[in-house]
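K.L.:
Submitted below is the structure of interest, expressed as structure tokens.
The values are calculated or read from the model by the stated rules, or taken from the named source; none is laboratory data. Keep in mind that what you see is a predicted model, and the values were worked out from it rather than measured. Note that each Cβ is placed from the backbone with ideal geometry, even for glycine, and that neighbours are counted across all protein chains shown. For accessibility, only protein heavy atoms count, side chains too; no ligands or nucleic acids. Shrake-Rupley method; radii C 1.70, N 1.55, O 1.52, S 1.80 Å.
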Amino acid sequence: MAEQRTIVVTGCSSGIGAHCARALKADGWRVFATVRKPDDLKGLEAEGIEAFLMDYARTETISDLVGAVLERSGGRIDALFNNGAYGQPGAVEDLSTATLRAQFEANFFGWHELTRQVLPPMRKRGHGRIVQCSSILGVVPYRYRGAYTASKFALEGLSITLRMELQGSGIHVSLIEPGPIATRFTANALAKIKEHIDLENSPYAVDYIRQLARLDGSGPVNRHKLGPEAVYSVLKHALNSKNPRPHYPVTTPAKQGMFLKRLLPADLFYRLMRWTD
């Protein structure tokens, strides 16, 4: 067991995190998985995955997690896959500062805190992998996703800076930028928009009707949506390659978005994105 490579994977209650935790274990990793709710621990533990409670918005839970993992692993953390996040939909004009701050606590500041805490044991061993599950919305903006887009743009900038600063240390940083993936993400986003946005009295009330249909599944089906295994295929490369890439776009829309942003003049690109739905 001591010779197994160890990895911390966050956001493992469902979706990308749950799939990757199970796949990593099947591939021989010792997986330390995190969830926010006690009810989500049992399913992972029943499959032999060591599961912990952690909430990015609560710093003490991050410290408790890292301490527990280091104790169990004999001080070894080979990799971190930051994945747990949520999307707060809503027009920028409708977002309260408190709502925006909460988005950053969960999607950005908590990730930074956990990353900082795993770096010392990685430095001590002279190697490590940090993989951030970002989003194509960390590269390409999208209407009514301003809070989530801002958190991912920030993550992209911080992570690439960290990658450059760690050059020569044996620790590599990569970003995965998925497009549409079949998870509970949209269901969670639906709950957040209803909780924090005044849908009926907003100047965007008519536009929100279409947005709600996209979130509740009553709107058009996205034919480009892939399963979480698509993310795992690039995660494996980021963890195992001698020269992991800085960016791993996943799904056709993500790859197209990156290509068009490089190709088109900025004004034309943003006007094109304005009508993308």
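K.L.:
Just to verify a result, which residue in region 46-93, among those that are free of Cβ contacts under 8 Å to residues at least 60 places away in the same chain and more than 29 Å from LYS124 (Cα to Cα), is nearest to the chain's Cα centre (by Cα)?
P.N.:
Applying the filter and picking the extreme gives VAL92.
K.L.:
Can I ask one more? Does region 241-258 hold any residues that are modelled with pLDDT of 95 or more, open to solvent by 80 Å² or more (accessible area, probe 1.4 Å) and more than 18 Å from the chain's Cα centre (by Cα), and which are they?
P.N.:
LYS242, ASN243, listed by residue number.
K.L.:
I've got another one for you. What number of residues within region 135-152 satisfy the criterion of being surrounded by 22 or more Cβ atoms within 10 Å (Cβ to Cβ), over 18 Å from ARG101 (Cα atoms) and not aliphatic (A, V, I, L, M)?
P.N.:
The number of residues fulfilling the criteria is 1.
K.L.:
Moving to a separate point now. Of (1) basic (Lys, Arg); (2) closer than 22 Å to LEU199 by Cα; (3) at pLDDT 95 or above, ARG163 satisfies all except one. Which?
P.N.:
Failing condition for ARG163: (2).
K.L.:
Please work out which one of (1) under 23 Å from ASP94 (Cα atoms); (2) touching a helix residue (DSSP H, G or I) at 6+ places or on another chain (Cβ under 9 Å) is the condition GLY179 fails and give its number.
P.N.:
All conditions pass for GLY179, except number (1).
K.L.:
Do the conditions hold for LEU155, that is, is it in a strand (DSSP E or B), within 21 Å of MET273 (Cβ to Cβ), modelled with pLDDT of 95 or more and open to solvent by less than 30 Å² (accessible area, probe 1.4 Å)? Break it down stepwise before answering.
P.N.:
On the way: in a strand (DSSP E or B): no; within 21 Å of MET273 (Cβ to Cβ): yes; modelled with pLDDT of 95 or more: yes; open to solvent by less than 30 Å² (accessible area, probe 1.4 Å): yes.
In short, no.
K.L.:
If you take just the helices (runs of 4 or more DSSP H) that sit entirely in region 39-115, which of them hold at least 3 residues that are out of contact with any strand residue (DSSP E or B) (no Cβ under 8 Å at 6 or more places or on another chain) and more than 22 Å from ALA189 (Cβ to Cβ)?
P.N.:
Passing ranges, in order: 41-46, 59-73.
K.L.:
Moving on. Filter region 107-121 down to the residues that are surrounded by fewer than 23 Cβ atoms within 10 Å (Cβ to Cβ) and not hydroxyl-bearing (Ser, Thr, Tyr) and list them by number.
P.N.:
Selection gives PHE108, PHE109, HIS112, GLU113, ARG116, GLN117, LEU119, PRO120, PRO121.
K.L.:
Just for region 88-98: of the residues that are more than 18 Å from LEU155 (Cβ to Cβ) and among the polar types (S, T, N, Q), which one is surrounded by the fewest Cβ atoms within 10 Å (Cβ to Cβ)?
P.N.:
Filtering first and then ranking leaves THR97.
K.L.:
Can we say ALA26 is open to solvent by 30 Å² or more (accessible area, probe 1.4 Å), aliphatic (A, V, I, L, M) and within 20 Å of LYS236 (Cβ to Cβ)?
P.N.:
When the stated conditions are applied, ALA26 passes them.
K.L.:
Just to be sure I understand the filter: pairs with C-beta atoms under 9 Å, separated by 6 or more residues or on different chains, first member in region 119-132 and at pLDDT 95 or above, second member in a helix (DSSP H, G or I) and aromatic (Phe, Trp, Tyr). Which pairs pass?
P.N.:
Final answer for the pair search is GLN132/TRP111.
K.L.:
Also, quick follow-up: Identify, please: which residue in region 172-189 is modelled with pLDDT of 95 or more and in contact with a Lys or Arg (Cβ under 7 Å, 6 or more places away or on another chain) and is, among those, most open to solvent (accessible area, probe 1.4 Å)?
P.N.:
Only one residue tops the list, namely HIS172.
K.L.:
Taking PRO121, is it in contact with a helix residue (DSSP H, G or I) (Cβ under 8 Å, 6 or more places away or on another chain) and in a loop (DSSP other than H, G, I, E, B)?
P.N.:
Working: in contact with a helix residue (DSSP H, G or I) (Cβ under 8 Å, 6 or more places away or on another chain): yes; in a loop (DSSP other than H, G, I, E, B): no.
It is false that PRO121 is in contact with a helix residue (DSSP H, G or I) (Cβ under 8 Å, 6 or more places away or on another chain) and in a loop (DSSP other than H, G, I, E, B).
K.L.:
Still on this structure: Enumerate the pairs (first residue in region 23-35 and in contact (Cβ under 8 Å) with a residue 40 or more places away in the chain and among the charged types (D, E, K, R); second residue anywhere and assigned to a strand (DSSP E or B) and surrounded by fewer than 21 Cβ atoms within 10 Å (Cβ to Cβ)) with beta-carbon separation below 9 Å, excluding pairs fewer than 6 apart on the same chain, so at least 6 apart or on different chains.
P.N.:
Note: pairs meeting the criteria are ARG30/GLU50.
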